[in-house]
Every structure is written in C-alpha cells, then in structure tokens.
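Report on the structure given below.
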C-alpha cells in the first residue's frame with residue numbers, strides 16, 4: 001500500500017519545491033497570489049450568502065430555490081468533474097513522460113493505478129473544491145448548520161471526487177485499448193465528442209426553452225424545479241451528496257448516514273473495478289499509445305498545402321513562424337480535446353441566449369444588466385483563453401526557444417506574430 | 001544472464017526486430033551496434049519491460065519481463081537514451097524516490113551506497129540542488145547513479161556516455177569494467193565505436209532488426225575479411241555503409 005504514496009512523492013515534492021521557490025523568488029508576488037485566492041473565496045462566500053439570505057427571506061418557496069440551486073450546483077460539479085477527469089486521465093495515464101521511468105522499475109500495476117488515480121483526482125478536482133468550499137460554507141452559515149454539517153462535507157466530498165475520476169479513467173483506458181495502435185491518438189477527439197453528445201442530450205432532455213419567464217418568481221421556480229427533478233435521479237452521486245447535506249442543514253429529516261454510505265460504497269466499487277480493469281489492460285493500452293505516433297490531420301499534405309496557401313501573403317519570416325505555430329498546436333493531441341470542449345461551451349452559451357427571452361426582464365435596468373454581464377463574461381472568457389493558449393505560446397518556448405533566438409528574427413517580429421496568431425482565433 | 005529467444009517486434013506492418021536469438025553470460029559486457037533505426041532501442045525497451053514483444057521471449061536472470069515484470073525489473077538497472085528526470089526535485093530526493101520504487105530500506109544500506117555513488121560521480125556537492133540546475137553531463141551521471149542504486153545483476157544501457165566529458169566517460173568505462181568483474185551482466189547499445197571496442201567482450205551488429213554479425217572483435221574482423229584493427233571500418237563494411245560515408 002505504501003508504494004503508491006512513494007509514486008506520488010515526486011509530484012508532492014515538486015509542488016513543495018515550486019512553492020518554496022516562488023516564495024523565495026518574490027515574496028510580494030507570492031503574498032499577492034495568496035491574497036487573490038483568499039479574496040476570491042471571500043467574494044464567492046459573500047455573493048452566495050447574500051443570495052441565499054434574500055431567497056430565504058421569501059419563506060418556504062425561497063428555501064426551495066436555495067435547495068434547487070444546491071442540487072443544480074452539485075450536478076454541475078459532477079459533470080464538470082467527469083469531463084475534467086477524462087482529460088486529466090489521458091495526461092496522467094498515457095502522456096506522462098515519467099511513466100517510462102516508473103514502468104521500468106519493479107512496481108506493481110495496481111500501485112501505478114492508485115497513484116495515477118490520486119494524481120488525476122487532484123489535477124481535476126482542485127478547482128471544483130476551491131469554488132465549492134465558500135459556496136457550501138455560505139449554506140452552512142445561512143442555515144446555521146451544526147458542526148456535523150462541516151464534518152460531513154469532507155466525508156461526502158472525498159468519495160464524490162473519487163467516483164467521476166474512477167469512471168473517467170476506466171473509460172479512457174477501455175477506449176485507448178479498443179483503438180488500434182497507430183490510431184490511439186484519436187482518443188483525444190473521440191472522448192470530447194462523446195462528452196459533447198452527452199451535453200447535447202442533457203440540454204434536449206431539460207428543454208430549457210419550454211421554461212417560462214425566468215424573471216418572475218414562478219418562472220424561476222419552474223426552472224429550478226426542472227433541474228431539481230433531473231438532479232434527483234437516485235443513481236446520481238450528486239443526489240447522494242445533496243441528500244446527506246440537506247439533512248444536516250436541518251431542512252429535511254432524511255438519512256445522511258445512508259447517503260454517505262452509498263457514496264463511499266460507490267467510490268470503493270468504482271476504484272476496485274478500475275483497478276481490476278487497469279490490471280488487465282493498462283500496460284497494453286499504454287504500450288499501444290506509445291506506438292501510435294501518427295499525427296492527425298496536421299500531418300497530411302492537404303493541411304500543409306492549406307497552411308502554405310493561407311499564409312502566402314505574409315512576409316517569409318512571419319509565414320515560417322505562423323506555419324510552425326499552427327502545426328505544433330494541432331499536433332499536440334490534447335489541444336483537440338480542449339478545442340472541441342470549448343466549441344461545446346460556446347454552442348451552449350449561444351443556445352442559452354437564443355432560448356431565454358431577456359427582453360421579458362421586469363425593468364430596463366435588469367435588461368441592461370444582463371447585457372452588461374454578458375460583455376463581462378465575454379471579456380473573462382477571452383482573458384482565460386489568452387492565458388491558456390496565447391500566454392503559454394510565448395512563455396513556455398523552453399528548449400526550442402534557441403531556434404528563434406539564434407535566427408535573424410527580431411523579438412518584436414516574434415511577439416507580433418504571437419499576437420496575431422492568437423488574436424485572430426480569439427476574435428471568433 | 002540475458003537470454004533472448006526468437007524475439008520479434010512489429011509496429012503495424014513495420015517489422016522492427018526479427019527473430020533475434022542471443023545469450024549474454026553473467027559478468028559479460030555485450031555491445032549492440034547498428035545504424036540509426038536498426039531496432040536497438042526497441043530491443044532495449046523490450047528488455048526493460050516497457051514494450052511487449054510481438055513474438056519470442058526474453059529472460060533476465062531466468063525471469064521473463066512480460067510474465068513476471070516485478071521480479072525481472074528488480075534485478076535490472078536501466079539507463080535510457082532519453083532519460084526522464086523530475087526537474088523540480090533535488091538529486092537526493094530523486095534517489096530517495098528510486099530507492100522507494102525498489103523498496104530499499106535503510107538497512108539495505110542504500111543511503112551509504114547513494115553517498116558513495118554521488119561522491120564517485122562528483123555530484124555530492126550538488127545533491128541538494130534542484131535537478132533543473134544540473135548540466136547535461138550531471139544529469140547523465142545522476143541517471144547512472146539511480147540505475148546502480150539497488151545493486152542490479154543486469155545493467156542495460158542505451159548510449160552510455162552521451163553528454164559526458166572525457167573524465168566522466170573514462171569514469172563510466174572503468175566503472176562498467178569493475179561491475180562486470182564483480183559479476184554484473186552489461187548489455188549496452190552505442191554509436192560510440194571506441195566504447196564498444198574498449199569494453200565489450202562480444203559485439204552484435206544489428207541491421208533492419210536482425211543481427212548480421214556476432215562475435216568478438218577478432219571474429220568480426222575475420223568475418224568481414226578486414227585487416228584494420230579499428231572497429232569503424234569493420235562496422236561500415238558489415239553494415240554496407242562504407243560506400244556512402246563521404247559526400
């Protein structure tokens with residue numbers, strides 16, 4: 001059992017050494033980041049506290065709204081975790097370069113599975129936890145929860161994080177194993193496509209366009225009740241968390257122990273099934289993935305010709321840089337998954353705007369507030385995408401940066417190239 | 001002792017290794033030479049248990065890495081051509097991690113061995129520095145230290161002296177000779193013909209996944225019908241690269 005702890009030790013030490021390094025490098029920057037995180041927590045806590053209090057003041061229907069919101073958020077957490085775990089498990093189980101080092105040592109595959117599962121859980125869940133903590137804290141505060149509520153939070157959340165991770169790693173391993181060796185990289189396209197189909201069916205199932213006016217209390221209550229109905233499916237782990245938490249908030253007698261037990265049993269079962277499957281297929285899947293070196297689309301002469309044609313009007317230096325950037329971007333298989341998921345989110349965003357009639361907002365101020373918040377959201381998404389794609393393109397040139405620095409390309413030319421190649425796709 | 005029986009590996013339609021049969025005795029240093037893409041790294045990765053053979057069998061000290069991976073890997077030291085190192089770990093932390101992978105306890109004396117190896121490779125003053133600050137040669141020396149930490153019976157090396165300065169290269173050559181004298185079986189793949197010439201008791205020349213010549217340097221010379229004492233002309237003649245060497 002101790003082996004898997006040793007297997008994640010390098011990651012823990014890396015995190016610790018990074019933290020210490022960052023603190024030594026610039027205490028101000030370090031404290032700034034810490035304050036930002038604490039500030040974010042405080043803002044989320046205060047926002048939800050205010051919203052929950054104002055709903056609660058409406059009486060029983062307000063409580064219904066609050067608990068509908070809780071059920072909705074837990075459901076969103078669950079599907080977010082599932083999506084994020086699928087992407088993370090591809091990295092931790094198949095792309096990680098240290099697997100070559102680990103698998104050449106006398107380590108059992110069970111231990112590798114446990115260690116990689118823990119890594120996957122951490123990578124995909126920290127952001128959900130970071131957001132969930134102040135959100136659930138606000139519920140505890142507003143409903144004056146006892147200590148048992150706060151104690152039940154980790155007891156409910158640990159298995160809640162484990163279940164989607166174990167399911168996602170299982171799916172990833174099976175899919176890679178099903179693909180023939182040269183085509184294993186297609187998994188990066190197939191998995192997000194399956195997720196996109198799942199999201200589509202979820203939206204069609206909920207039919208939000210049939211929900212009435214969102215800006216009236218009955219309309220909002222109807223909308224929440226649709227979600228509440230969907231999230232109350234007894235097979236959903238988010239429902240088990242919901243049931244155990246509302247019982248402890250004192251609003252429903254319920255059986256929190258039963259639902260906590262269900263969560264732990266399901267988590268244990270999914271991990272055991274995952275371990276069994278991993279023992280049978282992980283090594284072969286990993287070895288097959290190593291053999292699947294073919295690049296998708298971007299390796300085809302058609303793609304090369306298309307790039308050549310599109311970039312022909314550019315000066316030769318810029319053209320070389322643009323072609324190189326686009327080829328390396330599309331050959332990084334994980335970017336495909338991100339692009340597909342991004343496309344799904346953008347489609348959902350537009351769909352929401354097309355089906356909700358914001359002109360029905362009760363006053364001019366609210367109508368404009370929605371538009372204003374929309375602009376803010378677009379800005380936020382643009383910044384997030386820039387940080388995720390454009391900033392990294394410049395800041396992480398790493399070892400290959402010598403090619404640029406030793407060639408007759410001015411830093412200004414290089415930076416302008418990065419600016420334009422990032423700006424054009426961002427504008428879409 | 002290393003035994004390969006009718007070993008084969010296909011990548012789709014491409015045959016990387018074809019029916020390779022070979023035995024390396026305990027305490028022997030065996031060198032595998034071959035032009036690029038001959039299949040050397042594929043053979044080494046199969047021996048290290050990182051890929052499974054399509055056909056045939058490997059036995060390392062009597063253990064098959066495909067059937068008993070943990071037992072086979074426990075007696076194996078592996079130095080890859082492109083090793084992975086955790087940049088944000090110190091050399092000492094990395095070795096502690098490797099000791100953990102081999103389940104070495106303090107009673108096994110791995111700490112003393114680690115200190116000795118770090119001293120031998122001039123890394124002791126750097127042991128508490130992050131690996132990201134190590135030079136290429138220091139990284140290679142750390143990898144060799146990590147491969148020897150658990151006192152393996154078999155050492156598999158893919159390009160042993162890449163990035164080492166002349167002093168480091170000599171150190172490694174002498175170390176390999178001493179380890180082999182102590183009973184360690186060493187299987188190395190290299191492009192550095194001088195290393196093979198100096199260290200290896202037998203040499204196998206691999207081309208397109210098949211051994212085309214195998215024996216001592218003297219036997220290979222006879223096979224190629226060449227008088228030159230150097231390995232380079234012999235290698236070029238046997239692999240048919242002789243005619244293409246000069247532009």
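Taking 35 Å as R0, compute the FRET efficiency from the Cβ-Cβ separation of residue A:183 and residue B:21 and round it to 0.05. All intermediate terms of the calculation are to be shown ahead of the outcome.
Working: r = 32 Å, r/R0 = 0.93.
Once the sixth-power term is evaluated, E becomes 0.60.
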For the residue pair residue A:31 and residue A:193, what label-to-label distance in nm results when each label sits 7 Å from Cα along the Cα-to-beta-carbon direction?
-> 5.3 nm
Would you kindly state how much longer the chain becomes between residue A:14 and residue A:280 on full extension, computed as 0.36 nm times their sequence separation minus their alpha carbon distance, in nm to one decimal?
-> 92.7 nm
Quotient of Cα radius of gyration and Kirkwood radius for the range B:85-151, i.e. Rg/Rh, equals 0.93
If R0 is 35 Å, what FRET efficiency do you get for residue B:191 and residue A:129 from their C-beta distance, rounded to 0.05?
-> 0.10
Under 12 Å from a label point 7 Å along Cα→Cβ of residue A:272: give me every residue in the range A:106-126 with its amide N that close.
-> none
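Which order do A:16, B:73, B:153, B:167 fall in if you start with the one that has the fewest other Cβ atoms within 10 Å?
Fewest to most other Cβ atoms nearby, the residues stand as B:167, A:16, B:153, B:73.
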Subtracting the Cα-Cα distance from 0.36 nm times the residue separation, let me have the gained length for residue A:203 to residue A:377 in nm, one decimal.
-> 60.5 nm
Any idea what Rg and Dmax come out to for the range A:41-138 if you just take the C-alpha atoms, in Å?
-> 19.4, 63
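Give me B:81, B:158 ranked fewest to most by other Cβ atoms within 10 Å of their Cβ, as a rough exposure proxy.
On the way: B:81 15, B:158 22.
Neighbour counts put them in this order, fewest first: B:81, B:158.
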Using helices alone, what [θ] at 222 nm do you get for the protein assembly as shown, with -39,500 (n - 2.57) per DSSP H run of 4 or more residues, divided over all residues and rounded to the nearest 500?
-> -21000 deg cm²/dmol
Computed over the Cα atoms of the range B:1-159, what is the convex hull's projected area averaged over all directions, in nm²?
-> 10.1 nm²
FRET efficiency for residue B:151 and residue A:233, Cβ-Cβ distance as r, R0 = 41 Å, nearest 0.05?
-> 0.10
Does anyone have the angle between helix A:187-206 and the longest principal axis of chain A? Alpha-carbon axes, 0 to 90°, nearest 10?
-> 30 degrees
For helix A:411-427, what angle does its Cα long axis make with the longest principal axis of chain A, in degrees from 0 to 90 and rounded to 10?
-> 40 degrees
Alpha carbon Rg of the protein assembly as shown, scaled by the compact-globule rule 2.2 N^0.38 Å | 1.15
Provide B:106, B:41, A:80 in ascending order of the number of other Cβ atoms located within 10 Å of each residue's Cβ, fewest first.
-> B:106, A:80, B:41
For residue B:232 and residue B:52, calculate 0.36 nm times their separation in residues minus their Cα-Cα distance, and state this gained length in nm to one decimal.
-> 61.6 nm
Using a simple spin-label model with points 7 Å from Cα along the Cα→Cβ vector, what separation in nm is obtained for residue A:329 and residue A:350?
-> 1.9 nm
Tilt of helix A:27-56 relative to the longest C-alpha principal axis of chain A, in degrees (0 to 90, nearest 10)?
-> 30 degrees
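None of the figures in this text is laboratory data; all of them are computed from the coordinates on show. This is a predicted model, so every value here is computed, not measured. Cβ: placed from backbone, ideal geometry, glycine included. Neighbour counts: every protein chain shown.
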